[in-house]
Each structure stands twice: as C-alpha cells, then as structure tokens.
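No lab work stands behind these numbers, since they all come straight from the coordinates. As the structure is a computational prediction, the values presented were derived from the model and not from experiment. Positions of Cβ are generated from backbone atoms using ideal geometry, with glycine treated the same way; all protein chains shown enter the neighbour counts.
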Amino acid sequence: MTGTPAIKAINLVKIYQSGGVPVPAVRGIDMRVESGEFVAIMGPSGSGKSTLVHMLGGLDVRTSGEIWLDGTRADTLSESGWALLRRRKVGFVFQFFNLVANMTVADNVELPALLGGATPRQARERREYLLGELGLTERASAAPAQLSGGEQQRVALARALANQPRLLLADEPTGNLDSRNTKDVLRLLSDVHRKGQTIVLVTHDARVASMADRVVSLLDGEIVDDGALPRARRRPAGTVGDVVELRG
Amino acid sequence: MRAELRWIRADLRARRGQALLTILTVAGIVTALVTAATLLEDGTNPWRGLFTRGNGAHIWIHTKDTPDVVALRGLDGVTDLAGPYRSAPATLASRGRKVPIALQETPAAFQAVARPLLREGRWLDVRDPDAVVVERSFARELGLAPGSPFPVTGLNGATHALVVAGLAESGDQGFYPDWAPGLVWTLAGTLDVVEPAAGRTESVVGLRLADPDDTDLVVQRAVTVLDNQVQRVSTWREVRASMELDNRLLGLLLALFGIAGLVAAALALANATGGRVLGQVRDIATLKSLGFTRRQVTWTLVAEHGVLGLVGIVAGLVVGRLITAYALPDTVVVPLSPGPFAAIALGTGLVVLGSVWVPAWGGGRTPPIPASPAAPPRGHLSRLARVALLVRLPPALVLGARDAFTRRTPALLTVSGVAIPMMMISIGLGCWSTLDDFIRHPERVGQAAALTVRPGDLTADEALRRAAADPDVAAVYPGAEPDALVPWQTRTVRTRALGRSADPYPFPVVEGRMYRDRGEAVAGQGLLDLLGVHIGDRVRMTIGGTPLIVRIVGRVVEPEHDGEVLSFGLDSLAAKDAVPQFYSLVLREGADPAEVRTRLHGMSLDVSQVVNPADRLSIIRMIIIALVVVLALIGLANLLTASALGLRDHAPDLAVLKAMGLTPRQVMATLVAGTGLLAVCGVVAGTAAGASLSAVLIDLEGRESGVGAGIGRAPTPGMLAASVLVAVGASLLITLIPARRAARARVPHSAR
Ligand SMILES: Nc1ncnc2c1ncn2[C@@H]1O[C@H](COP(=O)(O)OP(=O)(O)O)[C@@H](O)[C@H]1O
Ligand SMILES: [Mg+2]
C-alpha cells in the first residue's frame, strides 16, 4: 500500500426500494483506488456500475458501508457537504445530458470555476485553455444542441476537469458515440491520465477498458474479478500493483 | 453568486417569451387590482377627488360681515384663502314648489382655491349677468340642465328670470339633499340684483390649510380672531362624511375580487415556476452533480422567478397609476391613496415570493443524477389497448385516459391549474349575478321602495293622498328615522319606523320573521353584533326622551349604516314620535321610477329616488370582465405549459404508440385525450367549487360587513353552462396545438 488512496470503499451496499420491494443494486463492495490510477469498471447492464460510481461521487446515498475520499470519510456527509466536496474534488461525466441546455459551451465550462469561487477572468482563462486543448475554441459560443455527440462529451470532460479535481468519475462517457468520436474522447482521457489524473470509468466496451490500469468486473452488485491489465503503461506516478483488496 | 447569475442569465435568455408572459400576467393582475381599488375609492369617497381637483378649502366660515382677511391669512397653518364671497338666501320656483337656495358670489375668473368644477354647460360670464351655475346634485334633483329657466325670488319678494348656464361640482359642500339649501353660483352683480339689502347677505370665506389635521385648532383660532362675528363653520370632515357612500357592498365585493386576483397571481407564478422546474430537472441535476447545493438551487430559482414576478408587480403598479391617471380622467380624479397602494404592492409581493418558493423548493430537491430521467411507468400499454379494442372504445381515448392519471404530480398540476382560475371565474360570475339581483330585485336588499316622498309644504295627509293616487304606485308606507339611544352605547343608532305592524314594509327578512305587532322589530346583522343580541332578545332604548322596548323577531338584509339599523312599525313609536316624516313608495312591477318621479314632481311633491347600490357598483362589472379575461388567459397558459411538459415526457411513448400501429391522427387524439381529460376535470371541478363557494363567500363577507348573510347569489345555470362550454372548448383547442405538432413530428427514438 502506497500513500493515501484516492478512493477507499468498505463494504458498500445500496438497496433501492422499488414499490416496497428492496432491490439490492450494490452488495458489499470493497475497493481501493490509488491516486493517479485509472480504473475501468465493467459488467453487464443492471450489475450496479452506475450505482457504484454515483455513490462514490455522493450523487446517491449509500445504504451501508464507508466511503473515504483522499483519506477523509465522505459517506457521512450531508447532501450539501457532498456538493461542496464535488465542487473541489470530483468531476463527473455521464453518458447523456451532461451540459446545461440553455448555456453556451463557454458558460458550461466556466460554471464549475465560478462555483468554486474563481473570478470571471480566471474562469474565462481556464475555459479558454481547456477548450483550446480540446480543439473546441471556435465552438465556445455554440449551444450544446448544436454540437455533435463527440463534441458534447469532450466539452463535458472539459467541464469535469475545469476545477482540476482529484477524481474524475465517468459513467459510460462513450456509450453513445461512434468509434471516431470514441477515439477522440479516449485520447483525451489518456492524456489527462498521463498527467496524473485519477479516473474511475464505467464502460461496456472492452477496447475502452483496455486503456485502464486495472479492470474491475461487477456482476449482480458484487465484484467478481479485479485485476491489473498485463500491459505496462507509461505513467509518471503510481505503480500498478496489488492495490485492490478483495474482502469476503 | 457568479455561477447562479450565469445560470439565471442563460435561462432567461433562452426563454424570453415565457419570461415576458409571466411578467405580463402579473402586471395585468396588479393593474386590475390598482384600477379596481382606485375606482372603488373614488366611488365610495367622491370628496377626495373633488377636493383635490378643485383645490378646495378645508374650512368654511360664515360671518355676518366681511371678516378680517388679513388676520385669517396670518393664522398659523393657513396657506390660502377663498373669498370672502357674499352669499344670500333666496327661493327658486320649481314646478309650483318653492325650493330654498343659497346664492353665492363667485368671480368669473379662474379661482386658485375652492373653484367649482364645471361639468356641463359653461361658466359665468360678465357679459351675461342673468346666468347662474348650479351645483350638480341639486340640479339633478330638480331636473335642471344648462339652458333651463331659473326663476329666483329674493327675500324682498321680487322674482328674477335667471338662466342656468352650467352645472358644477364642488368638494366644499355635500350633495343635495343631504346638504341643503342648494348651492348656486352667481356673479357679484347678479347677487346685488336679487338681494340689494346688504344686511341680508352673509359673508363666506374658505381657509386652505397646510395640514388638514390642524383643522380643529385653526377653527378655534379663527373663531377667536373673528370674535363674535362667526355665524357657522363647516369643515372638510363634515363634507367628506356626507359624501361618503354609506354602503359596504362595494367594498366587500371588491375585497373578494382582490383575493381572487392575488390567488390568480399566485397560481400563474406557481405554475410558470413549477412548469419551468419540471422542464428543467435535467439541468438542475447537472448543476447539482457539479456541486450546486440544494439551497443554492432553491434560491437561484426563487431569485429568477421572483424577480420576474416583482418586475411584473412594479410594471402593474406603474401601469395601474397611468391608466387611472390618463385613461379614466372622467371617473378618477386622484390616484389611489398610499395605504391601499402599499397594501397591493406588499400583498402581491408576498404572494409572488410564496408561490415561487414552493416549486423552487421542490426543484432544490431534484436528485443530482442527470442521466436518469424520471422513467414513466410502462408496460400496461398493450394490455389496456387490448381491453379497449375488446369493448370497442376508441383506443386513443383509453390510452389518453390511462396516460392522464399515471403521472400523479403533473396531473394534479394540470387539474388545479385549470380548476383554480375556473373557480375564480365562477366566483366572479357569482358577483355578477349578485349585482344583477340587486338591480332586478331591489326589495331583496331592503330597497322595495323606489321613491321617497317628503311632504314639504304640504300636509302629510295631502302628500299621502297625491302620492297614492298615482297609477304606478302600488303601496305607500309612512316612515320616520329617529335616532335612538341604546344603553351602554356612546352613540346613537339609527332606527327606521316604516310601515305599520298590521301592514309592515316588505323588509327582506332572511332569518326569523317579520314584525307583526307593536313592540316587535327586525334588525340588520350590524346591529345584532353591535348590541350583542340575538333574534328573540329584547332591546331597550330611548327615542326622543321616551323609553321604548322592542323584541327583535327577525334579521333583515341591511345595506345601510353598516347594518346597524333597527326597523319596526311606525305604531311602535310613542304617539308624539309616530308622525310620518316621509312616505316610501313601492311601485308597480315594471314601472319606471324616473317617470313616476317626474309625475309626482308635477304635483308639487318633494320626491327623491332611492339609489340602488348596484348603480354605483356598475364599475365592478368592468372589473369582473377584465379579471375573467385575465383568469381565462392564466388557465390557458397553465394548460399550455402542462401539455408541453406532457409531450416532453411522452417522446418515448410516441414511438411505442406508432409501433402499435396508431395513425398520426390517433396519436394526436391520444395526446389531446390525455391532457383534455385533465382539463375537463379541472373545468368541472373549478366551476362546481366556484358556484357553490361564491354565494357562501359573498354572504360571509356580507356578515363581516354588517349587511348580513343573504345577499349572495350563485351564478345562473345558463352562465355556468356557457362558461363550462367555452372553457372546455378553449382547453381542447389549446391542447390540440402541441399535440398536432408532436403527432406530425418524426418520432425521436429515445436513447437509453
Ligand atoms: N432509482 C432506482 N430505483 C430502483 N432501482 C434502481 C434504481 N436505479 C437502479 N436500480 C436498479 O439497480 C440495479 C443496478 O442498476 P445500475 O447501477 O443502473 O446498473 P448498471 O449501471 O450496471 O446498468 C438495476 O437492477 C436497476 O434496476
Ligand atoms: Mg448504468
């Protein structure tokens, strides 16, 4: 074990109540993600992948278990406590509806910085940098609806990274994209990963998962497989190793 | 703050039209309220307008000789003087009667203070010394118009053929006949001709004060300064009191309307905000996933929608002021006084914030997962469709009906969004029928008699004989209105001895029974409340020094004196008081009171026509129409929001419906059936609630105001049926617009 893990989940359980019937979506997951690590979560539809990342980002309340982010306990936070934490430390990318429909691309990307207390000028500079990196500078004043799916997801990624969060959570960010757009988004992900970004990414796509340091497989709300990918990857920080402890 | 502002700005920019509509709706309601309140204030308190416009004098002092003007002007608090003018008593020969008048000298030039307001004809002119200007209420009473001959007899017996040049109003003296003698303005020369003896005239001077509250003080000082010369003094308070409409009906109907307006404003805003929040859940979820807290979302929504409402309020207040100042210059003279104006601003402000806060609070509770749109319940489609086919119902209707009720919250929003305006409209129609009832059946509000005859120069018997002889007079009731002193009351109450126990005046008894014997009485709600008595109790009082004990046997609808009136037969009074002061004439059905009055005038009777409260309420009808229009628009706007929202949620269903084999027309029918059914529910529920509530509410207000329950009328069935038909028709048309567009559009295959 090296340093403080970016994420540590202990016996995490989520049980939905659906019409009075308990639906266990996540059933006791233990998981550890090191700082700078890129973890892919795979599994069939309905296996609890989304539920897991939602809980890790505080979007959904856990039923039991513990969540530690960056060495501090997070599962006991209130809703607004989670919100404040997300502002600073967690970026999210979903499969759909990432962008506020009525705001321009520029506004969407500047929003997290403004929310974090940056001045409009700082927010603008950060946005210009990010969009420049993504090759989207000339789309800054466009409405999200005018962008292609791939462009939308790249903007969503830019926004998620606007506050330089410690953790990037992505739930099937490429699930809706054709292969060309998927490639664009993946290139971006691997770029930020190379710069040390911790990423937890949910995907169906084995090609996407192959970029990760490690793949965690879920089935019926439990981890059935967890292993580092054999392929060695160039990374500045963090070692691929036995970083996930499986507990009974 | 910056992030929130960015969001608000973007959202407002994206829906300029909607935002404008919200502002306009609120502005419209506030404008209606301001206009209505101004009209009410002006109608019930005409003094204010007349006094302001004529720059009236607060105090009028009558002296034998010309007073010491310099001393008066030097009094503390006096800013200006009117006069002194000479005034002379005289009589006017009118249709064989001699009517006392007061001629008052007036310059032909413009007066800075206390100028009469010319309403008809022209003002005095030095080239026409025979012309006079007559106070309007007096002229009305005598049937005078510009050009009428005006034969005046002075105290010396000489008659002068003067002519009416114009009619004017003035805030310096009350209306005739409350305030007698009738006032006539003449030039100084004319006055000299009619009354050459200077000793028989008096001098009147008006004082305008800096602060009306100083009136009593200034009067005292003026009386001291003028020593023993003062004959009599009148102040603005007496004038105002005599002009004030002693009738609470207008006020209570308007209060009801104010409430309706506030509810309408609340509803419009809550619906606009609620609809917006529902349409925005995804964006709100995105924002929350970025780190917006629940409170931040709520306050941002409150700020955005609250500001729209507040802008609407400000616009409404401004437009209301402008309308009353410029569009209604003849009816409204002074703007609404600060009290009611502030009350409207504050009341609507609170309503706006309250009604915006509820949906905003709901919006703050949106879960922060944007990718999971609320999934509509699915799966029953085909089974229900099969059932529909089985019983041969049009599938569109069945599917629409199923659809309407599966999503409870939007369904409730739609139904109440239609039901509440509909309820308010029905209550408005109830006010309308109540007014109609006043006019058609004045006897139900205690105005069975259309005319009142005072004997004047004639003996009471002769007056009675002449009045009863008229073919259109159905019944004549002798009456007197003595004031009574009631134990433990610091003031007197009005009693009305009218008719006789054996032949009672047709009072509108709504509880208990009519008086039948000497010593029995009926009372208005206000009197029962004032004395804390009930039907069946005995009341002891003193009238003209004679004790009188009556038993209250019933309650009547009593629109006068806040209902604080006790009525009984003339024979219940002590013999010395039981002298008829007037006769109330009940006319035959269909007789025209004005015509009868003219006839009786011709027989030298002093006849006055009873003012129906509804005549002064006619302005309310305009307001009812305006408010009904606003409410209807609000209802339709709500429905449009609801059906647009429904369609958004339906996008995935449309694919299913089309896959099932429904034609575009059937899809459209399904959508219309879905929203239309809810709208029809809302219309019916709202109408039923409004119809049953309106009479109750009006009666409740009647009770509070002392008039007493028993005046409220529900809208007529015809009115209700028409309004339901129109509302349902309009609702279906409104739902048709988005449904048509959706059915034609390419089905979006939901990405999920
Ligand atoms: N809000 C919810 N209410 C009830 N059940 C839910 C809810 N969200 C997810 N589930 C259920 O939890 C299980 C896991 O769902 P999810 O985490 O979305 O799976 P995945 O993302 O792997 O497809 C599924 O059986 C799903 O039906
Ligand atoms: Mg999922």
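Overview of values
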{"item": "Fraction in percent of alpha-carbon pairs per bin - 20 Å, the protein assembly as shown", "result": "11, 29, 25, 17, 13, 4, 0"}
{"item": "Computed E for residue B:343/residue A:145 - FRET, C-beta separation, R0 51 angstrom, nearest 0.05", "result": "0.65"}
{"item": "DSSP-defined beta bridges in chain A - what % are antiparallel, rounded to 5", "result": "60 percent"}
{"item": "Given charges at Cβ of Lys, Arg, Asp, Glu: the range B:51-243 dipole, positive-most of B:205, B:74, B:193", "result": "B:193"}
{"item": "For the protein assembly as shown, size of Cβ-based charge dipole, Lys and Arg +1, Asp and Glu -1, in debye", "result": "5260 debye"}
{"item": "Peptide-level mean, for B:158-166, of C-beta atoms on other protein chains within 10 Å", "result": "0"}
{"item": "Residue order, fewest to most surrounding Cβ atoms within 10 angstrom, among B:477, B:326", "result": "B:326, B:477"}
{"item": "Extended-chain gain in nm, criterion 0.36 nm per residue less alpha-carbon gap, residue B:492 and residue B:594", "result": "33.4 nm"}
{"item": "Over chain A, relative contact order from alpha-carbon pairs under 8 Å, at least 6 apart, %", "result": "29 percent"}
{"item": "Share, in percent, of DSSP beta bridges within the protein assembly as shown that are antiparallel, nearest 5", "result": "75 percent"}
{"item": "Sequence-distant lysines (8 or more away, or on other chains) whose Cα lies within less than 29 Å of residue B:576", "result": "B:98"}
{"item": "Under 5 Å, built H, 5+ apart or other chain: amide partners of residue B:474", "result": "B:586, B:587, B:588"}
{"item": "FRET efficiency, residue A:4 to residue A:121 (Cβ-Cβ, R0 35 Å, nearest 0.05)", "result": "0.55"}
{"item": "Built amide H within the under 5 Å cut-off of residue B:441, gap 5+", "result": "none"}
{"item": "Top positive-direction residue, dipole computed over the range B:51-243 with Cβ charges, set B:153, B:110, B:235", "result": "B:153"}
{"item": "Per-residue ³J(HN,Hα) for the range B:731-736, Karplus 6.51 cos²θ - 1.76 cosθ + 1.60, θ = phi - 60°, Hz, x for Gly and Pro", "result": "4, 5, 4, 5, 6, 5"}
{"item": "Two-site FRET efficiency, residue B:608 against residue B:314, from Cβ-Cβ distance with R₀ of 51 Å, rounded to 0.05", "result": "0.65"}
{"item": "Fewest-first ranking of B:511, B:595, using other Cβ atoms within 10 Å as the exposure measure", "result": "B:595, B:511"}
{"item": "Reachable lysines from residue A:49, criterion Cα separation under 18 angstrom, eight or more residues apart if same chain", "result": "A:8, A:14"}
{"item": "Value of relative contact order over the range B:51-243, rounded to a whole percent, pairs C-alpha under 8 Å and six or more apart", "result": "38 percent"}
{"item": "Per-residue average of Cβ from other chains inside 10 Å of B:280-289", "result": "6"}
{"item": "Karplus (6.51, -1.76, 1.60) ³J(HN,Hα), θ = phi - 60°, over the range A:70-82, in Hz, Gly and Pro reported as x", "result": "6, x, 10, 6, 10, 5, 8, 5, 6, 4, 6, x, 4"}
{"item": "Interchain or long-range residues, amide H under 5 Å from residue A:43's placed H", "result": "A:218"}
{"item": "3J(HN,Hα) from dihedral phi, the range B:292-309, Karplus parametrisation 6.51/-1.76/1.60, rounded to Hz, x for glycine, proline", "result": "6, 8, 4, 5, 4, 4, 4, 5, 5, 5, 4, 4, 4, 7, x, 5, 4, x"}
{"item": "Inter-probe distance in nm under a simple model that places probes 7 Å from Cα toward Cβ, at residue A:15 and residue B:237", "result": "7.8 nm"}
{"item": "Between the range B:24-86 and the range A:79-105, the alpha-carbon center distance in angstrom", "result": "64 Å"}
{"item": "Compactness of the range B:51-243 as Cα Rg over 2.2 N^0.38 Å, two decimals", "result": "0.99"}
{"item": "Least to most buried among B:305, B:601 (fewest other Cβ within 10 Å first)", "result": "B:601, B:305"}
